[in-house]
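Novice: Structure in structure tokens, see below.
The values are calculated or read from the model by the stated rules, or taken from the named source; none is laboratory data. The shown structure was predicted, so the numbers you read here are calculated from the model rather than taken from an experiment. Virtual Cβ from ideal backbone geometry, glycine too; neighbours counted across all protein chains shown. Just the protein is used for accessible areas: all its heavy atoms, side chains included, with ligands, DNA and RNA removed. Shrake-Rupley method; radii C 1.70, N 1.55, O 1.52, S 1.80 Å.
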Amino acid sequence: MENLSEKAAFIRESLHKSQTITDSMVAILGSFDHRLSALETAMRPTQIKTHSIRRAHENIEKTLKAAEVILAQFDLTRKAEAKILRGPHEDLESYLEAIDQLRSNIKFFNSNKSFKSSDGILNHANNLLAKAISKLEDEFRNILTSYSKPVEPDCLIDCLPNSLRPTQGSTGQQGDTPNRGPERPNRSLEHAVYTAPTLIPPRVLPLLHDLAQQMVQAGHQQQLFRTYRDVRSSVLEQSLRKLGVERLNKEDVQKMQWEALETKIGNWIHFMRIAVKLLFAGEKKVCDQILDNAGPLKDQCFAEVTANNMSGLLSFGEAIAKSKRSPEKLFVLLDMYEIMRELDSEIQIVFEAKACIEMREAAKSLTKRLAQTAIETFADFEEAVEKDATKTAVLDGTVHPLTSYVINYIKFLFDYQSTLKQLFQEFDGGDPDSQLGTVTGRIMQALQANLDGKAKQYKDPALTQLFMMNNIHYIVRSVRKPLIENGKNPQKYIRYSPEDLERMLNEFFEGKTWTEPKR
């Protein structure tokens, strides 16, 4: 118990000391808290100054960076101005880069108008850009004019397929091209190869494209449009004039002698093929390459470059189609119809844009007009044969000039049979083979009826019969072969067979009386 008492006393003493120490520590810590508060109060002004200094430093850095950007823009503007003032002649690529840089600078200052000097800089830059674009327009016009030269006729002829080129020595001055020679040697031209002529050197096209693009970006589309149209339309017109194209109206056509007119028509067929397949097609490619970023302006440019020249060519065709009809015009009308049919798909492709709709419609209208006039001329010929009242008598009873004329006419018709079938199909919609045979048969029957009347002019019955035999024999011999080749029965259209004619001739020369064979 004594030990326990001693230990308890010891513990109490220890606890008392611990409490004393604790109280002392609390007192010390309380004094520290007071001192720290005082220290914090003393340091607060220093902290505020330090924070202000730090913010000022950050603002200075931001200001310096902004100033560097602005100074860089000033520097770029100054360099761009120097290049622009020198003009595009020395280094066009660098000049275009300077314009792009100037546009970038204008955009920058437009988005930072809070700067005191922004308005002044923008005015200066915009004025400088306007001068730069003006110089660019001049450069575009100069380059386009320098490299736009009329295409010589020999170059255009070399671009044609071999089967369509004039023979050596057949061409003359000012477009005296062969007048139907190249048009009919090879009627199958689907696989003919045409070589595109060089209207503008390929190396210049990218440069003109870049210049046009800059003008469009600057909002100078109309200036670009006028420049391109004036230069290219003039050059295209010169190319066609060198080739021999003339602008003839209906009055000019009516005053011409037939031989001269036939030559003009043959030339026109030649010119149409060259114009559509070479010049107009080439012009479209050039326009697409230079103005590909110009939107609707591109199609409008091409339309106005070609409109006047295309109109001049089509107006001659219209004048021929509307001129007074005559039998000899049928074949040139068919030639003209053929070339328009041949070029139809090319015209639809080359003039596919909405801006070119008038030219497409004019070409279609001419094709229909030629077809209509050809059909009417065909009908006129049948009527002319039936009503021919020439007083020319063949004294010895040989073949009458009308017979040889009509038979030669029929032979030419068979040479155009595919074209005639196309015409019949377009206008009547029936069987073209049957229609061609029917029309040919009517012409032959009209001829025979006319010959019957002419035979009665002879006072000698023997000459009457000899005249009929000679003419019918000529008809049978001339027409029998093409009729058979086309699956027709010649006896359907001709009253006498060669066997009948041979018997009739023998009876005539033997002095016998003979009777007309039964059909």
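Novice: Might you let me know whether region 338-349 holds any residue that is closer than 30 Å to Ala449 by Cβ, touching a helix residue (DSSP H, G or I) at 6+ places or on another chain (Cβ under 8 Å), assigned to a helix (DSSP H, G or I) and β-branched (Val, Ile, Thr)?
Specialist: Initially, region 338-349 is screened for residues closer than 30 Å to Ala449 by Cβ, giving none.
No, every residue in region 338-349 fails to be closer than 30 Å to Ala449 by Cβ, touching a helix residue (DSSP H, G or I) at 6+ places or on another chain (Cβ under 8 Å), assigned to a helix (DSSP H, G or I) and β-branched (Val, Ile, Thr).
Novice: Can you name the condition, by its number, that Ser233 falls short on among (1) more than 19 Å from the chain's Cα centre (by Cα); (2) surrounded by 15 or more Cβ atoms within 10 Å (Cβ to Cβ)?
Specialist: (1)
Novice: Check Phe225 against each of (1) under 21 Å from the mean Cα position of the chain (by Cα); (2) not in a helix (DSSP H, G or I) and name the one condition it does not meet.
Specialist: Looking at each condition in turn, Phe225 falls short on (2).
Novice: If you don't mind, another one. Determine which single condition Asp380 fails, assuming it passes every other condition in (1) of a type in the set (Asp, Glu); (2) modelled with pLDDT under 85; (3) surrounded by 15 or more Cβ atoms within 10 Å (Cβ to Cβ).
Specialist: Checking Asp380 against (1) of a type in the set (Asp, Glu); (2) modelled with pLDDT under 85; (3) surrounded by 15 or more Cβ atoms within 10 Å (Cβ to Cβ), the one that fails is (2).
Novice: Scanning for something open to solvent by 50 Å² or more (accessible area, probe 1.4 Å) and in contact (Cβ under 8 Å) with a residue 40 or more places away in the chain, does region 424-431 turn up at least one residue? Explain how you work it out, then say what you get.
Specialist: Taking region 424-431 as the starting set, the residues that turn out to be open to solvent by 50 Å² or more (accessible area, probe 1.4 Å) are 425-429, 431.
With in contact (Cβ under 8 Å) with a residue 40 or more places away in the chain added as a condition, the list becomes 426-427.
So far as region 424-431 goes, yes, one or more of its residues are open to solvent by 50 Å² or more (accessible area, probe 1.4 Å) and in contact (Cβ under 8 Å) with a residue 40 or more places away in the chain.
Each row is one residue, and each column tells you yes or no for (1) polar (S, T, N, Q); (2) outside the structural domain of Met336 (by the TED database); (3) at positive phi.
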{"residue": "Lys255", "(1), (2), (3)": "no, no, no"}
{"residue": "Trp268", "(1), (2), (3)": "no, no, no"}
{"residue": "Val276", "(1), (2), (3)": "no, no, no"}
{"residue": "Gly295", "(1), (2), (3)": "no, no, yes"}
{"residue": "Asp299", "(1), (2), (3)": "no, no, no"}
{"residue": "Ser323", "(1), (2), (3)": "yes, no, no"}
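Novice: Looking only at region 89-106, decide whether some residue is at pLDDT below 75, open to solvent by 70 Å² or more (accessible area, probe 1.4 Å) and more than 60 Å from the chain's Cα centre (by Cα).
Specialist: Within region 89-106 (the criterion being at pLDDT below 75, open to solvent by 70 Å² or more (accessible area, probe 1.4 Å) and more than 60 Å from the chain's Cα centre (by Cα)), the answer is no, since none of the residues qualifies.
Novice: Let me ask something else about it. For region 356-377, give me each residue that is open to solvent by 50 Å² or more (accessible area, probe 1.4 Å) and of a type in the set (Ser, Thr, Tyr). Before the answer, list the steps.
Specialist: First, pick out the residues of region 356-377 that are open to solvent by 50 Å² or more (accessible area, probe 1.4 Å): 357-358, 361, 364-365, 368-369, 372, 376.
Hit for region 356-377 is Ser365, nothing else.
Novice: Turning to a different aspect of this structure: Just to be sure I understand, how many residues within region 292-329 are modelled with pLDDT under 90 and in contact with a Phe, Trp or Tyr (Cβ under 7 Å, 6 or more places away or on another chain)?
Specialist: Number of matching residues: 3.
Novice: Continuing with this model, one more query. Would you call Arg35 surrounded by 10 or more Cβ atoms within 10 Å (Cβ to Cβ), over 60 Å from the mean Cα position of the chain (by Cα) and at pLDDT 75 or above? Before you say what the answer is, go through the steps one by one.
Specialist: On the way: surrounded by 10 or more Cβ atoms within 10 Å (Cβ to Cβ): yes; over 60 Å from the mean Cα position of the chain (by Cα): yes; at pLDDT 75 or above: no.
Considered against the rule, which asks whether it is surrounded by 10 or more Cβ atoms within 10 Å (Cβ to Cβ), over 60 Å from the mean Cα position of the chain (by Cα) and at pLDDT 75 or above, Arg35 comes out as no.
Novice: Could we say that Thr41 is modelled with pLDDT of 70 or more, surrounded by fewer than 10 Cβ atoms within 10 Å (Cβ to Cβ) and β-branched (Val, Ile, Thr) here?
Specialist: Against the criterion (modelled with pLDDT of 70 or more, surrounded by fewer than 10 Cβ atoms within 10 Å (Cβ to Cβ) and β-branched (Val, Ile, Thr)), Thr41 qualifies.
Novice: Within region 329-355, which residues are surrounded by fewer than 23 Cβ atoms within 10 Å (Cβ to Cβ) and either farther than 20 Å from Gln422 by Cα or without any contact (Cβ under 8 Å) to a residue 12 or more places away in the chain (or both)?
Specialist: Ser345, Ile349, Glu352, Ala353, Lys354, Ala355
Novice: Okay, moving on. Quick check on Arg247: is it assigned to a loop (DSSP other than H, G, I, E, B), at pLDDT below 95, open to solvent by 40 Å² or more (accessible area, probe 1.4 Å) and touching a helix residue (DSSP H, G or I) at 6+ places or on another chain (Cβ under 6 Å)?
Specialist: Details: assigned to a loop (DSSP other than H, G, I, E, B): yes; at pLDDT below 95: yes; open to solvent by 40 Å² or more (accessible area, probe 1.4 Å): yes; touching a helix residue (DSSP H, G or I) at 6+ places or on another chain (Cβ under 6 Å): yes.
Spelling it out, Arg247 is indeed assigned to a loop (DSSP other than H, G, I, E, B), at pLDDT below 95, open to solvent by 40 Å² or more (accessible area, probe 1.4 Å) and touching a helix residue (DSSP H, G or I) at 6+ places or on another chain (Cβ under 6 Å).
Every residue, every condition in (1) in contact with a helix residue (DSSP H, G or I) (Cβ under 8 Å, 6 or more places away or on another chain); (2) more than 29 Å from Leu334 (Cβ to Cβ), yes or no:
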site	(1), (2)
Pro202	no, yes
Asp210	yes, yes
Asp252	yes, no
Lys264	yes, no
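Novice: Let me ask something else. Looking at region 309-322 only, could you name the residues that are under 16 Å from Ile375 (Cα atoms) and surrounded by fewer than 17 Cβ atoms within 10 Å (Cβ to Cβ)?
Specialist: Within region 309-322, Lys322 is the sole residue that qualifies.
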